[in-house]
Amino acid sequence: MKTISKTIAYLAEPVLNSELILINNAKLLKKDPKLRCEIHIPRIEKLRKEFITLEEQSEDGEIGLQKQKRKIRDEIRDLSFITYTPRDTTLFGEMITLIVKRIASRPQFSNYTFVEDMMSLAIEHILLYTYKFNPYRQSEISGQYASAFAYISTIAFNAFVATINKFNKNQAKAKEDFLERQKLIHRDPNVSTYGEDYENAKRTVKLPTLIQGHLLEMIKSITISEATEFWIPQVYKITEKELDFILKYEYNVSIIRIK
């Protein structure tokens, strides 16, 4: 079936369904070589070609082919289900890649800068969960059998959403960490920032007449080996360089303003 164009392969549900079944059976064959059964392969190949021909005719406007197509589709599924043979996954890989690319082109996904990460995870999940596909599972509503296309598309879609959720979670965590650090300059003047482990810190450095811009110099002049409180004037404005240095010792340095 390597001669099938990517466009037709993408549209031919019975081909995708058949490939998925055969690949799952190939995995079972590795565990039990006695299952090997290849007698129906020529028939499966012939039926696939017939279906694709009918699919092309349908696109050109032919009518009255649906019943014939359903019959061929069901026979392909049934023969594939009882066929156990080593399987080249090239065609299946091309088909699922087309499905994933189609989903990635949707507006809700295409604008993300990490869309390739979403696609990679989608393909990984598809390959990981193919074994769960049951071609004979029927819809309670329509009574139709499971669609490989719908099955794979659902896995891919969920992988895209999972990647976005993870990204949003990481963004939220980064924002939370940033805001937590900003408390150093927005907190209650009498609240220490070095945490519970340092509540009983003994060292205090009072700088009641601190000259603007000299806080960094004073902190650097002291070895920060233990929790230290620096008492500074209420009106002193901490510079950006001083703030960056203080953050390096977030749990050892506490800035308290003298009332």
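The values are calculated or read from the model by the stated rules, or taken from the named source; none is laboratory data. A quick note: this is a predicted structure, and the numbers were derived from the prediction, not measured. Cβ sites come from the backbone with ideal geometry, for glycine too, and all protein chains shown count toward neighbours.
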Residue under evaluation Met218, criteria (1) assigned to a helix (DSSP H, G or I); (2) surrounded by fewer than 11 Cβ atoms within 10 Å (Cβ to Cβ); (3) modelled with pLDDT of 80 or more, criterion not met: (2)
Search result, residues across the stretch 79-92 that are surrounded by 15 or more Cβ atoms within 10 Å (Cβ to Cβ) and not hydroxyl-bearing (Ser, Thr, Tyr): Leu79, Phe81, Arg87, Leu91, Phe92
The stretch 225-235: number of residues that are touching a helix residue (DSSP H, G or I) at 6+ places or on another chain (Cβ under 9 Å) and at pLDDT below 80: 3
Qualifying residue in the stretch 197-214 (condition: part of a helix (DSSP H, G or I), more than 30 Å from Thr113 (Cα to Cα), of a type outside the set (A, V, I, L, M, F, W, C) and modelled with pLDDT under 60): yes
Pairs with Cβ under 9 Å, 6+ apart, first in the stretch 230-257 and buried (at least 18 other Cβ atoms within 10 Å of the Cβ) and charged (D, E, K, R), second modelled with pLDDT under 80 and in a helix (DSSP H, G or I): Glu242/Ile219
Top-ranked residue of the stretch 123-151 - restricted to ones that are more than 24 Å from Arg70 (Cα to Cα) and of a type in the set (A, V, I, L, M, F, W, C), ranked as surrounded by the most Cβ atoms within 10 Å (Cβ to Cβ): Ile126
Residues that are in contact (Cβ under 8 Å) with a residue 60 or more places away in the chain and either among the aliphatic types (A, V, I, L, M) or not assigned by TED's automatic domain parsing to the domain that holds Leu16 (or both), drawn from the stretch 97-121: Leu98, Ile99
Residue check for Thr193: surrounded by 11 or more Cβ atoms within 10 Å (Cβ to Cβ), at pLDDT 90 or above and among the polar types (S, T, N, Q): no
